[in-house]
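Here is the structure we will look at, set down as structure tokens.
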Amino acid sequence: MADNVTSLFRSTAAHSPSMAALTREGGDGAGPVDFCIPCNPYFPTPEMFQDMGARLRDIITYYPSSADTITAELCSLLQLPPQCVAMGNGSTELITWIDHLLVRESLAIPVPTFGRWTDQPMETGKRVDMFPLQESSGFALDLAQYAEFIRARGTRVAVICNPNNPDGGYLHKHALVQFMDAMADLDLVIVDESFLEFADAEQDPSVVQEAMLRPNVIVLRSLGKNFGLHGIRFGYLVANPALAGMVRSMLPKWNLNAFAEHVVFMLKNHGAEYAQSLHQVRKDRLDMASQLSALPGLTVYPSQGNFLFVRLPVGAEGTVVRDRLLTEHRILVRECGNKIGSSSRFLRLVVRPQVDVRRLVSGLEQVLYGSRRGAAVPELATGNNYSSGTAAVDRLVSSTNGSGMPLAAQAMAAGVPAAAQPQAMPGAGMPMPAPAPVAPAPVAPAPMAPAPMAPAPMPAPAPVAPAPMPFPSPVAPAAAMAPGPTPPGMPARGGLTAAQVRGTTGPAPGLTPAPATGWPNSQSWPNAAGMGQTG
């Protein structure tokens, strides 16, 4: 595998080779220890796997029941009305249909995040307004500033992943409800709760109940991640009956396979084991974060998912660390250099049992700090002289104003005389050259508010913290200035540049965190959010 590992990653359309490909390449019939795919390692139980194995012949021989039958069983388990639910062949199938049916013109998404939320609408020609999460604030999403960004861009669909992938950032329920109220005039607000069942920040974190009562909200939920069964490909969305019915009517017949049916009908007898598996993952997450944080120069970000987002020490290149962990230690990790808004300084590491974590920590110690000649970190550097994980998306947004068209072409299309067009200046939302490939990279320039300036370059003024702003009114000022759809390839009226976006992650008024309520006490089947009892 040592000779082919880099080509394996380059030859796949996904971020990493499949476990099947890695197992074939290994030649011994065993795959690596998987810290890449965010899967529950404690569920299904061995007894459940034995049951599926005993029924394998029937499962793969015969057609499954209809999607309505499988959905009704799941809804009975989660106490959700079936008319508000649509089940899909994985969350990506549902994301695809949401884009085709409900995203008309533009979609806003904080980055870094799950790649299909940026890639899918771009593939169908929509404008994707990317809101960079700031490394300096731990990639936390400020909902008030995100709302201002959406209003200024005139975006019609807003997406929030809670917890966010890859950093595990969490938003409390009351803050999300406030955001949905403020965005009530948008075409659609999507809350992706694919990893929410691993959260323990509050007892009832899901907004599925609110989604069923609102005309423009969809909540997306995963089953493969929390049930530990990515290969089966099943997930569901919750919305009001009209929205859910629209998606459900477009799904193919038999889009759910017989494995999905068998698992859904098994679940009612295994609620206690499932709740215990979630409890164990949360406990492992704390232990794993503690062990990784002890490694010199490694930064571990707080997470409510079943994964941890880590920044490698200064001088370490993520692709080198990834390849050496795989070839020398048979450990697979997710290097995040190909994720918009991130860089190869970052890894996403899935929470696993302690025996595997000890192997990971040992492998990282040897790869990062082993012998000086072979170490991925030349010296144990200190300080924060690193390049921002949002640098790549800042350059992308600033060079096109988020529209996919260079700024000069935008101005010409809008009829702006050349003499009146803004001049390119670093830090003012204009095209910026990529940083020279030197490690460690220089600190990103301080953000500055755009203002009319002479063409000659000038030093950036000291950054001024923006005044806290409440959520905008549901009647968008941008909509008043720009009635009707934004023409393709043109920036929305009142759009923000990257320089305006950066540095605007201060605290928002009225968004104080709700107190944590500790571990769930349920020993029966969890509710739709995976927390508490369903009765």
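For this structure, a couple of remarks:
- In the stretch 46-90, residue farthest from residue 208 (Cα to Cα) [restricted to those that are of a type in the set (Gly, Ala, Ser) and in a helix (DSSP H, G or I)]: 54
- Where residue 150 falls short, out of the listed (1) touching a Leu at 6+ places or on another chain (Cβ under 6 Å); (2) of a type outside the set (S, T, N, Q); (3) crowded, with 22+ Cβ neighbours inside 10 Å: (1)
- Unique residue being outside any helix (DSSP H, G or I) and open to solvent by 20 Å² or more (accessible area, probe 1.4 Å) when the list is 252, 205: 252
- Failed item, numbered, when residue 285 is tested on (1) touching a residue at least 24 places away in the same chain (Cβ under 8 Å); (2) more than 23 Å from residue 169 (Cβ to Cβ); (3) not polar (S, T, N, Q): (2)
- Per this entry, residue 347 is counted among residues that are modelled with pLDDT of 95 or more, of a type in the set (A, V, I, L, M) and open to solvent by less than 40 Å² (accessible area, probe 1.4 Å).
- The one condition in (1) buried (at least 20 other Cβ atoms within 10 Å of the Cβ); (2) outside the structural domain of residue 352 (by the TED database); (3) of a type outside the set (A, V, I, L, M) that residue 50 fails to fulfil: (1)
- The number of residues in the stretch 255-297 that are part of a helix (DSSP H, G or I) and either among the basic types (Lys, Arg) or over 25 Å from residue 69 (Cα atoms) (or both) comes to 19.
- Within the stretch 118-152, considering residues that are in a helix (DSSP H, G or I) and touching a helix residue (DSSP H, G or I) at 6+ places or on another chain (Cβ under 7 Å), the one nearest to residue 309 (Cα to Cα): 143
- Applying the criterion of being part of a loop (DSSP other than H, G, I, E, B) and within 17 Å of residue 217 (Cα to Cα) to the residues of the stretch 153-162, the residue that is most open to solvent (accessible area, probe 1.4 Å) is 156.
- Matching option when the condition is closer than 30 Å to residue 345 by Cα, open to solvent by 10 Å² or more (accessible area, probe 1.4 Å) and more than 15 Å from the chain's Cα centre (by Cα), among 105, 123, 93: 123
The values are calculated or read from the model by the stated rules, or taken from the named source; none is laboratory data. None of the values given here were measured: they were computed from a predicted structure. We place every Cβ from the backbone using ideal geometry, glycine too, and count neighbours over all the protein chains shown. The area values use the complete protein model at the heavy-atom level, side chains included, leaving out ligands, DNA and RNA. Shrake-Rupley method; radii C 1.70, N 1.55, O 1.52, S 1.80 Å.
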